[in-house]
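Chemist: Sharing a structure with you now.
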Amino acid sequence: MPTANQYDVVIVGGGAAGIATASSILRRAPNLSVAIVEPADQHYYQPGWTMVGAGVFSAHTTARSMASLIPKLATWVQAAVTTLDPSNHALDLSNGSNIKYEYLVVCPGLKLNWSGVEGLEDNLGRNGVTSNYAYDVAPYTWDLVQNLKSGKALFTQPPMPIKCAGAPQKALYLSADHWTRQGVIRNIDISFYTSTPGLFGVAHYVPALMKYIEKYDAALHFQHTLTKIDGQLKVATFKNNDGEFMESEFDMIHVCPPQCAPEFIRQSPLANADGWVDVDQETLQSTGFENVWSLGDVISAPNAKTAAAVRAQAPIVANNLLAYAGHSSGISHYDGYGSCPLTVERGKIVLAEFGYGGKLLPSFPKWLIDGQYPSVLAWLLKAQALPWIYWNAMLKGREWLVKPKSQS
Ligand SMILES: Cc1cc2nc3c(=O)[nH]c(=O)nc-3n(C[C@H](O)[C@H](O)[C@H](O)COP(=O)(O)OP(=O)(O)OC[C@H]3O[C@@H](n4cnc5c(N)ncnc54)[C@H](O)[C@@H]3O)c2cc1C
């Protein structure tokens with residue numbers, strides 16, 4: 001028999017956004033009853049997977065048990081949400097029960113649509129087919145890179161929006177850097193196939209990236225979408241914007257899978273026409289239901305889908321929800337901040353930080369880190385500081401540099 005539970009705040013998803021938001025809410029209002037609905041046992045620091053694929057991090061350092069991260073004052077409901085019923089302030093769970101709430105925060109991330117490319121699921125993790133977008137497979141990227149001494153290496157990027165839009169090319173740069181250091185780069189034919197019309201969405205960073213594309217002699221194929229992989233023959237098929245198909249052989253292929261909103265979100269009254277949770281892009285409040293907020297990869301807002309964005313969004317959602325609930329005053333506004341540390345070589349990063357409309361939002365003065373140039377300091381930030389900040393500040397509700405400013 002289904003049972004009904006009632007909480008002040010229910011948070012859907014215990015990923016980067018869910019844990020950070022729960023912590024930020026409970027730091028402000030420890031007396032509220034907060035439940036996190038999350039089916040998974042493990043929580044992943046996904047930004048680390050690029051480093052796993054380049055042999056810099058071990059995979060296990062990017063995973064922690066969910067139980068160790070759920071804030072002590074929150075209740076963990078270990079189940080998946082199957083249906084959202086915002087008109088009745090309720091949701092259904094995979095274990096047959098349902099939950100009621102006063103306020104809802106929706107952050108189940110996005111769906112990696114591995115089946116969106118024919119043959120991808122069957123070959124992932126073998127036959128030279130890899131992806132840093134999967135915890136179990138990212139180490140295989142590094143195996144392939146180390147073993148490739150000559151041949152064809154392909155790197156692909158699907159249509160936007162995707163999480164961390166820089167990650168597909170980061171895999172290319174770090175692989176090519178390894179081949180350069182091993183002295184085999186001249187024997188390896190590198191291609192980047194992307195559905196997008198350019199290398200990166202914000203023009204400011206493109207010249208620095210192009211220098212590395214030239215250095216590694218990588219061929220760029222814009223507006224080409226991966227449609228099929230034949231693992232036995234080692235052939236990838238692409239479709240260009242004119243609807244023409246072309247094939248390329250490969251010795252290794254790094255695939256970034258197509259991405260979309262989770263099915264239960266697409267089916268819910270919270271979704272926009274494309275399936276994402278429709279929010280006011282500044283307050284992150286649902287456009288249709290005023291006691292609902294959303295953040296992270298699942299939202300409709302046109303920011304870069306990154307953990308860096310979540311770090312800025314979580315305190316804003318906490319603040320705005322509590323202001324609506326009468327526990328504080330003043331609304332905060334999100335400026336679209338997101339960041340993409342482009343690992344152009346081992347030890348150097350082009351640090352892209354920008355908000356809505358591609359507005360540059362650097363965190364550091366130019367003399368320290370200038371996003372137009374590769375930076376050693378930015379590498380140290382990614383390799384050492386950011387994982388620490390993620391686990392020890394962001395997920396604990398310590399809002400360093402991202403304290404929301406309230407406006408009444
Ligand atoms: C290869 C790679 C490289 C990246 N690099 C960077 C980077 O350098 N910098 C950066 O800032 N970001 C980077 N990111 C992006 C970053 O990891 C995401 O943007 C961030 O994790 C989004 O947080 P989220 O909470 O929205 O989603 P997630 O962290 O994915 O969490 C979603 C959670 O919701 C849960 N869930 C799913 N369905 C349900 C359901 N039905 N009911 C309840 N719970 C559910 C999931 O189990 C999961 O725990 C990278 C990502 C990848 C994959």
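Please treat every number below as a calculation from the coordinates, not as lab data. Everything numeric in this text was worked out from a predicted model, so none of it was measured. Cβ: placed from backbone, ideal geometry, glycine included. Neighbour counts: every protein chain shown.
Chemist: For Lys152, list the lysines whose Cα falls under 23 Å from its own Cα; do not include residues on the same chain fewer than 8 positions away.
Modeler: Counting by Cα, and skipping residues close in sequence, Lys152 has these lysines nearby: Lys170, Lys211, Lys215, Lys228, Lys234, Lys239.
Chemist: Right, another one. Step through the residues of the range 357-373 one at a time and calculate ³J(HN,Hα) from phi using the Karplus curve (6.51 cos²θ - 1.76 cosθ + 1.60, θ = phi - 60°), rounding each to whole Hz and writing x for Gly and Pro.
Modeler: x, x, 5, 5, 10, x, 7, 10, x, 4, 5, 8, 9, 10, x, 7, 10
Chemist: Something else: At a 10 Å Cβ-Cβ cut-off, how would you order His221, His43, fewest neighbours first?
Modeler: Ordered by Cβ neighbours within 10 Å, fewest first: His221, His43.
Chemist: Shifting gears a bit: Applying 1/(1 + (r/R0)^6) with R0 = 51 Å to the Cβ-Cβ distance of Phe222 and Ala325, what FRET efficiency is obtained, to the nearest 0.05?
Modeler: 0.60
Chemist: Beta carbons within 10 angstrom, averaged per residue: use that to sort the peptides 84-95, 184-195, highest first.
Modeler: Packing order, densest peptide first, comes out as 184-195, 84-95.
Chemist: Distance in nm between label sites at Thr180 and Asn5, each 7 Å beyond Cα in the beta-carbon direction?
Modeler: Result for the modelled spin labels: 5.2 nm.
Chemist: Evaluate the distance, in nm, between pseudo-label points positioned 7 Å from the Cα of Asp143 and of Leu380 along their respective Cα→Cβ axes.
Modeler: Between Asp143 and Leu380, the label points sit 3.5 nm apart.
Chemist: Further question on the same structure: Give the long-range amide H neighbours of Phe200: residues separated by 5 or more places, or on another chain, with amide H under 5 Å away, using H modelled in the peptide plane at 1.01 Å from N.
Modeler: The answer is none.
Chemist: Report the extension gain between Leu360 and Ser406 in nm, rounded to one decimal, defined as 0.36 nm multiplied by the number of residues separating them, less their alpha carbon distance.
Modeler: Computed gain between Leu360 and Ser406 is 14.3 nm.
Chemist: By how many nm would the segment from Asn291 to Met246 lengthen if fully extended, with 0.36 nm per residue of separation less the alpha-carbon distance?
Modeler: Fully extending the segment from Asn291 to Met246 adds 11.3 nm.
Chemist: Using 0.36 nm per residue, how much length does the chain from Asp122 to Lys72 gain when fully extended, once their Cα-Cα distance is taken away?
Modeler: Full extension from Asp122 to Lys72 adds 13.9 nm.
Chemist: Please give the FRET efficiency for Ser115 paired with Asp280, using the beta carbon to beta carbon distance and R0 = 45 Å, rounded to the nearest 0.05.
Modeler: Between Ser115 and Asp280 the formula returns 0.85.
Chemist: Using Cα-Cα distances under 8 Å and only pairs 6 or more residues apart, what relative contact order does the range 113-258 have, in percent?
Modeler: Answer for the range 113-258 is 36 percent.
Chemist: Counting other Cβ atoms within 10 Å, keep those with at most 15, restrict to DSSP loop, and tell me which chymotrypsin sites (Phe, Trp or Tyr not before Pro) in the range 36-102 are left.
Modeler: Listed in order of number, the matching sites amount to none.
Chemist: Under the definition of Cα pairs under 8 Å and six or more residues apart, what whole-number percent is the relative contact order of the chain?
Modeler: Dividing the mean separation by the residue count of the chain yields 18 percent.
Chemist: Right, next: What is the order of His204, His254, fewest Cβ neighbours within 10 Å to most?
Modeler: Final ranking by Cβ density, sparse to dense: His204, His254.
Chemist: Quick one: what are the phi-derived ³J(HN,Hα) couplings along the range 64-70, Karplus 6.51/-1.76/1.60 with θ = phi - 60°, whole Hz, x for glycine and proline?
Modeler: 3J(HN,Hα) across the range 64-70, in whole Hz: 9, 5, 4, 4, 6, 10, 5.
Chemist: How do Thr50, Thr62 rank when sorted from fewest to most other Cβ atoms within 10 Å of their own Cβ?
Modeler: Listing Thr50, Thr62 from fewest to most nearby Cβ atoms yields Thr62, Thr50.
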